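Participant: I'd like to ask you about the structure that follows.
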Amino acid sequence: MRWLSSALLLALLAAVSALFLRANLGNIALFVPPYRIDLSLNLALFTLALLLAAVYWAARVMQKMADFPEQVRLYRARREEIGGNRALVESVKNFLEGRFARAEKSARAAQSSASTASVAALIGARSAHRMQEYARRDEWLETAERDAAVDTARLVASAEMLTEQRQNDAALTAIGRLQGEGRRHIHAMRIALSANLQSGRWDDALKAVRLLEKRNALHPVASRKLKHAIYRELIVAQSHDAQALEAMWRLIPETDRQLPEIALDAARLFNATDAALGQLAIDAIDAALPIAPGDWDETALRLIDEYSRAQVTPARAQLERVDDWLKLAPAMGLTRATLSRAAGQICFREQLWGKSKSYLLESLAADAHPLTLLALARLAEAIGDAGEAAEYFRKAALGLATFSTGSLGVAGSLWPGQRDTRTTSSRLA
């Protein structure tokens, strides 16, 4: 339909032109002494149109000739840009496939285009880093540094690679430059968290955890585990001084002190550092334990074992608290066995031999735990029954041989009054 409309339009134009030229009978006389030239008006108009067309096309040709060098330059630049884009795509593809040598080779080919050179340099740096070619990696980063447009990407990539290489100070310097310019984002915070954890900067790591938690950038389980590890290191660092340990504990927010695993580590250190911190251990355990004993898990039971090791004077309130828990505990099972054993250990420390034995036998009936057998052996030894003590010691030894430390829940002293000299420090890689 389009060609038909064009044909009709041309035919109409030709018909109108023929009618106009037929009706036009004018003449034009040109005097060029000593000559006179007579032309019809139609021929003059046609000649003028041809002259204008010739001048126009001559001007176009001259313009094209003048623009030819620039067109060649643009063509070459476009060809280099297309080649650079293809090389960059190939480099990214090889990097994601784990073909780091090919990725670096393609990144080098992408340097032909200024628009892809800096991004390709970052891909080349990451590829060289994966191959542990750190000198080449640094050369690539120097190349990327020439382009200010990728400065943020370069600093983030540098910090991440330096953290993986465990050059934590250099990584934190890069993050500091990034944040100093007001450019903050979550991934940089995660890198800073990892670098601070590896270098033992626990206060800075804790700040990073809280900031990521505030922005919902950290899973609650991961946040809880990280806080546990960081607080453990902070309080272990103060375990040489009872006052410093207490001050460190009170600096921890109350919501974090109520986490059972944090309270457990703190109570162990309180009991192992100084008997005078026994009340502090009891307060920490009380705040961390759920109200209903039926909801207690393995960590809660370990808290109860540590509760019995906390030395306070008098121990009556401590024993009454355990009795209140016993009233709410299930009739059988590990919870009742643990609470009965705790009550027996408290009575043993107060030299209430009869009540101690009664509680321990109740615990043994609920669950034949090796720690209960060991407590009964120590009790028999204390009242002078050597035969019964030997029998319980034998059974406890057999039980301890068949249970792992984790299943026993042993992390502090096995009996009240003993001190655990082991450190609980463990660094996160």
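Participant: When D305 is evaluated against the numbered criteria (1) among the acidic types (D, E); (2) surrounded by fewer than 20 Cβ atoms within 10 Å (Cβ to Cβ); (3) closer than 16 Å to H369 by Cβ, which criterion, by number, is the only one it fails?
Facilitator: (2)
Participant: Provide a single number: the residues in segment 213-264 that are closer than 15 Å to A284 by Cβ and either open to solvent by 50 Å² or more (accessible area, probe 1.4 Å) or acidic (D, E) (or both).
Facilitator: Selection size over segment 213-264: 11.
Participant: For segment 136-154, does any single residue satisfy the condition of being polar (S, T, N, Q) and more than 30 Å from A195 (Cβ to Cβ)?
Facilitator: no
Participant: Within segment 105-133, how many residues turn out to be open to solvent by 10 Å² or more (accessible area, probe 1.4 Å) and more than 20 Å from A149 (Cα to Cα)?
Facilitator: 8
Participant: Which one of these is among the acidic types (D, E), farther than 27 Å from V236 by Cβ and either out of contact with any Asp or Glu (no Cβ under 6 Å at 6 or more places or on another chain) or open to solvent by 30 Å² or more (accessible area, probe 1.4 Å) (or both): D286, D295?
Facilitator: It is D295.
Participant: When you check R154 against the structure, is it free of Cβ contacts under 8 Å to residues at least 60 places away in the same chain, in a helix (DSSP H, G or I), under 20 Å from the mean Cα position of the chain (by Cα) and surrounded by 21 or more Cβ atoms within 10 Å (Cβ to Cβ), yes or no?
Facilitator: Yes, satisfied.
Participant: Could you tell me how many of the residues in segment 173-212 are among the aliphatic types (A, V, I, L, M), within 23 Å of A149 (Cα to Cα) and open to solvent by 40 Å² or more (accessible area, probe 1.4 Å)?
Facilitator: Summing the residues that are among the aliphatic types (A, V, I, L, M), within 23 Å of A149 (Cα to Cα) and open to solvent by 40 Å² or more (accessible area, probe 1.4 Å) in segment 173-212 gives 1.
Participant: When segment 265-279 is examined, which residues are found to be open to solvent by 10 Å² or more (accessible area, probe 1.4 Å) and either closer than 19 Å to K227 by Cβ or outside any helix (DSSP H, G or I) (or both)?
Facilitator: The answer is D265, R268, L269, D274.
The values are calculated or read from the model by the stated rules, or taken from the named source; none is laboratory data. Since the structure is predicted, the reported quantities are computational estimates derived from the model, not experimental observations. Positions of Cβ are generated from backbone atoms using ideal geometry, with glycine treated the same way; all protein chains shown enter the neighbour counts. Quick note on the areas: whole protein, heavy atoms, side chains included, nothing else; ligands and nucleic acids left out. Shrake-Rupley method; radii C 1.70, N 1.55, O 1.52, S 1.80 Å.
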